[in-house]
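Following: one structure in structure tokens, then a few remarks.
Coordinate-derived values only; no laboratory data. Quick caveat: nothing in here was measured; it's all calculated off a predicted structure. Here Cβ is always computed from backbone atoms with ideal geometry, including for glycine, and neighbour counts include all displayed protein chains.
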Amino acid sequence: MGILSGKHLLVSGVLTKSSIAFHVAGLAQEQGADVTLTAYPRVSLVERLARLLPRPAAVIPLDVTDPESLAGLAERVGRHTGTLDGVLHSIAYAPPAALGGNFPGTGWPDVAATLHASTYSLHGLVTAVLPLLRSPGGSVVGLDFDASVAWPEYDWMGVAKSGLESCARYLAFYLGAQGIRVNLVAAGPLRTMAASNISRDGDGAGDFAALWHRRAPLGWDETNADPVARACVALFSDWFPATTGEIVHVDGGAHAVG
Ligand SMILES: NC(=O)c1ccc[n+]([C@@H]2O[C@H](COP(=O)([O-])OP(=O)(O)OC[C@H]3O[C@@H](n4cnc5c(N)ncnc54)[C@H](O)[C@@H]3O)[C@@H](O)[C@H]2O)c1
């Protein structure tokens, strides 16, 4: 018996074995959950990764920037499960021009692409599966990077994360009456595909990791996604029944110190 026994989760954001979502999916299964994965851009790639999880997981395609893909999501997920107990939003994308120190020169099309995939997608994903989300008791968890300050080279992704934080609060506000919780986990830097795209020299996580090594009171290991996955699993469980609109920092405490 795990803390997610009997629950069915929809997990977006698996791209590689390093993806935060891959760790959440594995740990959620270990804690008793049935997991369905969404795949972007290639279903076959995610199906290969699904075979590395402790238990089988269905894989369905989803492009969060494509209204048709979102419109068909509930029906596709519904083939695997009657209701959903939780949804993980672990999605971010920014074109190179929106990252890496080009902030003053970034044009609207690149900004729009960043906000669409990284901010508005939380609203898109949640509203697409709302008919399946258990009410009361459903839990939405999203992945955040502390947006309370500006970071070197994070640029428009930082703006997107500010919007994500606000979007999560508004979803918490509007879905609270249905007993659905919406929370974010603000993770410290982890070595993933998304992180490697942040800086021009491809060392985004490394730069941030050096900062974290200096600042985090608990220390920080940018190769270990387990603490972040644990927080996500806890928020999916019944152990945070009165928490919504929250940002749980899983960053070794770096956000708390100057
Ligand atoms: N790695 C870090 O240091 C770090 C720290 C804090 C927060 N985060 C956040 O964690 C989340 C997951 O990122 P990650 O670090 O695991 O990297 P990742 O590259 O493994 O995951 C990013 C995911 O976004 C998906 N995606 C992008 N565009 C999409 C679209 N149009 N439709 C559907 N999916 C799309 C990709 O397929 C991929 O699975 C992101 O929101 C990221 O900002 C990462």
Query - Hz values of 3J(HN,Hα) by residue in the stretch 33-40 - Karplus curve (6.51, -1.76, 1.60), Gly and Pro given as x - result: 7, 8, 10, 10, 9, 9, 10, 8
Query raised in the report: What is the set of long-range amide H partners of residue 11 at a cut-off below 5 Å, with H atoms built 1.01 Å from backbone N?
Result: 36, 37, 38, 88
Query raised in the report: 222 nm [θ] for the chain, helices only, -39500 (n - 2.57) per DSSP H run of 4+, per residue, to 500?
Result: -10500 deg cm²/dmol
Query raised in the report: To the nearest 20 debye, what is the magnitude of the charge dipole of the chain about its Cα centre, counting +1 on the Cβ of each Lys and Arg and -1 on the Cβ of each Asp and Glu?
Result: 500 debye
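Under the rule a/c < 1.5 gives rounded, and otherwise a/b versus b/c splits prolate from oblate, where does the stretch 8-251 land using the Cα gyration tensor? Write down the numbers at each step before the final one.
Working: a/c = 1.43, a/b = 1.35, b/c = 1.05.
Rounded, since a/c falls under 1.5.
Can you list which of the trypsin sites (Lys or Arg not before Pro) found in the stretch 43-78 are DSSP loop residues with at most 11 other C-beta atoms within 10 Å?
Working: sites: 48, 51, 76; in loops: 51.
Taking the stretch 43-78 and a limit of 11 other Cβ atoms within 10 Å, the loop trypsin sites (Lys or Arg not before Pro) found are 51.
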**Report entry** ³J(HN,Hα) computed for each position of the stretch 177-191 - Karplus, 6.51 cos²θ - 1.76 cosθ + 1.60, integer Hz, glycine/proline x
**Finding:** 4, 8, x, 9, 9, 9, 9, 10, 10, 8, 8, x, x, 10, 6
Report task. Could you go through the stretch 123-135 in sequence order and give the Karplus-derived ³J(HN,Hα) for each residue, using 6.51 cos²θ - 1.76 cosθ + 1.60 with θ = phi - 60°, rounded to whole Hz, and x for Gly and Pro? Result -> 4, x, 5, 5, 5, 5, 9, 3, x, 9, 6, 4, 9
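Beta carbons within 10 angstrom, averaged per residue: use that to sort the peptides 104-116, 231-243, 78-90, highest first. Present the calculation step by step, with values, prior to reporting the outcome.
On the way: 104-116: 14.6, 231-243: 18.8, 78-90: 20.5.
Answer by packing, highest mean first, reads 78-90, 231-243, 104-116.
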